[in-house]
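Every number here is computed from the coordinates shown, using simple stated rules; none is lab data. Everything numeric here is computed off the predicted structure, so don't read it as measured data. Reconstructed Cβ throughout: ideal geometry from the backbone, glycine too, with neighbour counts over all protein chains shown.
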Amino acid sequence: MYSTKNEGPRRGRSFDSMNLGLTLEEKQLNNEMNKSAFPKIEENKDNKSASTERGRAAVVFSLKNEVGGLVKALKLFQQENHINLVHIESRKSKRRNSEFEIFVDCDSNREQLHEILQLLRKHVNVLEMDAPDNRLPEESEMESMPWFPKKISDLDKCANRVLMYGSDLDADHPGFKDNVYRKRRKYFADLAMSYKHGDPIPRIEFTDEEVKTWGVVFRELNKLYPTHACREYLKNLPLLIKHCDVREDNIPQLEDISRFLKERTGFTIRPVAGYLSPRDFLAGLAFRVFHCTQYVRHSSDPLYTPEPDTCHELLGHVPLLAEPSFAQFSQEIGLASLGASDDSVQKLATCYFFTVEFGLCKQEGRLRAYGAGLLSSISELKHALSGNARILPFDPNVTCKQECIITTFQDVYFVSDSFEEAKVKMREFAKTIKRPFSVRYNPYTQSVDVLKDTASINNVVEELRHELDLIGDALSRLNMQLGV
Ligand SMILES: [Fe+2]
């Protein structure tokens with residue numbers, strides 16, 4: 001998934017005002033950009049032509065927690081769409097603390113601007129836009145909902161939109177200089193990219209080195225689980241071990257894991273080549289599909305990875321995806337994201353990050369971890385439960401504003417009494433998301449029903465009537481047996 005875990009702050013890089021998480025190339029660019037004041041978008045209107053298609057346009061966006069995001073975004077303007085950049089600046093965001101916003105003034109037409117908007121959204125959060133003819137590109141399109149998958153096979157259309165691919169590693173990645181590792185990563189990426197819904201997940205013959213790396217992670221984490229993991233995790237891990245041949249000296253196959261989850265909660269696994277955008281990843285959850293990496297972290301440091309790998313997925317996520325209440329919680333976040341605005345998706349993704357990835361719960365008066373980012377990281381798992389970490393009650397309205405830190409410990413963790421409680425809170429939060437319709441998952445057809453007219457709502461009412469009839473019948477039979 002798009003979040004990461006790590007083994008401590010030694011390589012940490014938080015997204016703050018001192019260090020934007022930028023590459024060297026971006027830092028130089030950023031210095032250049034900071035030399036002049038940041039004008040308001042309105043100031044550029046004098047320079048625009050209202051009658052001709054081409055003119056000056058302005059875009060304001062903020063960076064996501066993605067290394068190299070600024071360079072990627074700017075390349076989209078110049079190299080891929082041949083839009084001439086006239087002026088670039090950065091400023092501290094007034095909307096979200098400690099984030100920076102990038103202002104780009106460019107020379108383009110509405111069509112180009114429309115295209116760039118679609119591409120930009122994969123890498124950055126677009127905040128404001130001002131088009132050449134003083135109109136937003138295709139205003140009706142801007143108002144209409146973003147595309148989302150309606151049936152499970154539609155995931156084929158978005159599961160390959162990865163933000164990073166295969167051997168495309170950052171310079172500070174442990175495997176950056178290892179050509180054998182990079183080739184192996186490309187192998188896994190190619191497998192995932194050619195995967196289609198319904199295919200069996202390719203079985204992997206893991207190398208001795210990969211198994212050894214997995215073994216270290218498995219052994220060390222298992223020492224902590226009895227005292228640090230939540231009871232649902234401790235209940236499901238032995239089942240996973242039993243049914244999927246999970247051992248210190250054997251990395252389980254995703255196909256076996258997927259079959260196991262399908263029987264437990266209806267979740268299935270889909271291999272993915274790298275990071276997906278929050279929108280695409282959350283869309284998978286709506287169909288109870290978990291996008292899962294299949295490669296193993298670099299062997300030079302088994303207890304550190306700058307990105308999700310199969311150790312994180314299998315030991316962090318899978319045991320809880322086998323828990324019905326957790327599966328339901330995950331799916332509801334996914335359903336809430338379908339067709340939501342970028343801002344709403346970002347809020348949902350942040351809530352996901354601080355629950356499914358870094359969530360804590362209270363059990364028998366003690367703190368326990370249920371977040372996969374914690375359950376797959378020895379040092380952060382210890383830290384979160386050490387008594388020294390800052391812990392707040394989970395409240396989606398507060399949590400959604402918290403900064404997600406991707407390569408060091410979180411500043412704060414959020415605790416829930418139970419998944420049930422977290423689900424109820426998320427459900428209430430989802431109601432505040434502006435969307436001109438509701439959605440309902442249809443498990444028979446593995447599709448999403450969009451409830452936006454009386455006919456579609458009537459269908460649901462009919463189904464509910466039938467379910468209530470069943471419950472009434474079951475109750476009356478029970479009463480007869482009990483002689484009530
Ligand atoms: Fe994850």
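Okay, here's what the table says:
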item	result
Relative frequency of Cα-Cα separations exceeding 15 Å in the stretch 334-379, percent	53 percent
Derived scalar couplings ³J(HN,Hα) [the stretch 111-127; Karplus, 6.51 cos²θ - 1.76 cosθ + 1.60; whole Hz; x for Gly, Pro]	5, 4, 5, 5, 5, 5, 4, 4, 6, 4, 4, 6, 10, 9, 9, 6, 9
Ranked list, fewest to most other Cβ atoms within 10 Å of each Cβ, for Leu276, Leu320, Leu464	Leu464, Leu276, Leu320
Where GluC sites (Glu not before Pro) fall in DSSP loop in the stretch 185-216, at most 13 other Cβ within 10 Å	Glu205
Listed residue pairs exceeding 18 Å between alpha carbons, taken from Lys64/Lys401; Lys64/Lys183; Lys72/Lys157	Lys64/Lys183; Lys72/Lys157
Cα centroid separation, the stretch 200-238 to the stretch 355-370 (Å)	19 Å
Phi to ³J(HN,Hα) by Karplus 6.51 cos²θ - 1.76 cosθ + 1.60 over the stretch 203-213, Hz, x for Gly, Pro	7, 10, 8, 6, 6, 4, 5, 5, 5, 5, 4
Note, ³J(HN,Hα) from phi for the stretch 284-299, Karplus 6.51, -1.76, 1.60, rounded to Hz, x at Gly and Pro	x, 4, 4, 9, 6, 10, 10, 6, 9, 6, 10, 7, 10, 4, 5, 6
Those trypsin sites (Lys or Arg not before Pro) in the stretch 176-266 that DSSP places in a loop and that have at most 16 other beta carbons within 10 Å	Lys177, Lys196, Arg203
Average Cα contact separation per residue, the stretch 356-482, under 8 Å, 6 or more apart, as relative contact order %	17 percent
Proxy reagent accessibility, fewest Cβ within 10 Å first, across Thr408, Thr432	Thr432, Thr408
Rg and Dmax of the stretch 247-390, Cα atoms only, in Å	15.2, 45
Long-range amide H partners of Phe100 with built H, under 5 Å	Leu63, Ser93
Low-density loop positions, trypsin sites (Lys or Arg not before Pro), the stretch 373-422 - DSSP coil, at most 15 other Cβ in 10 Å	Lys401
Per-residue Cβ neighbour rank within 10 angstrom, fewest leading, Tyr370, Tyr444, Tyr275	Tyr444, Tyr275, Tyr370
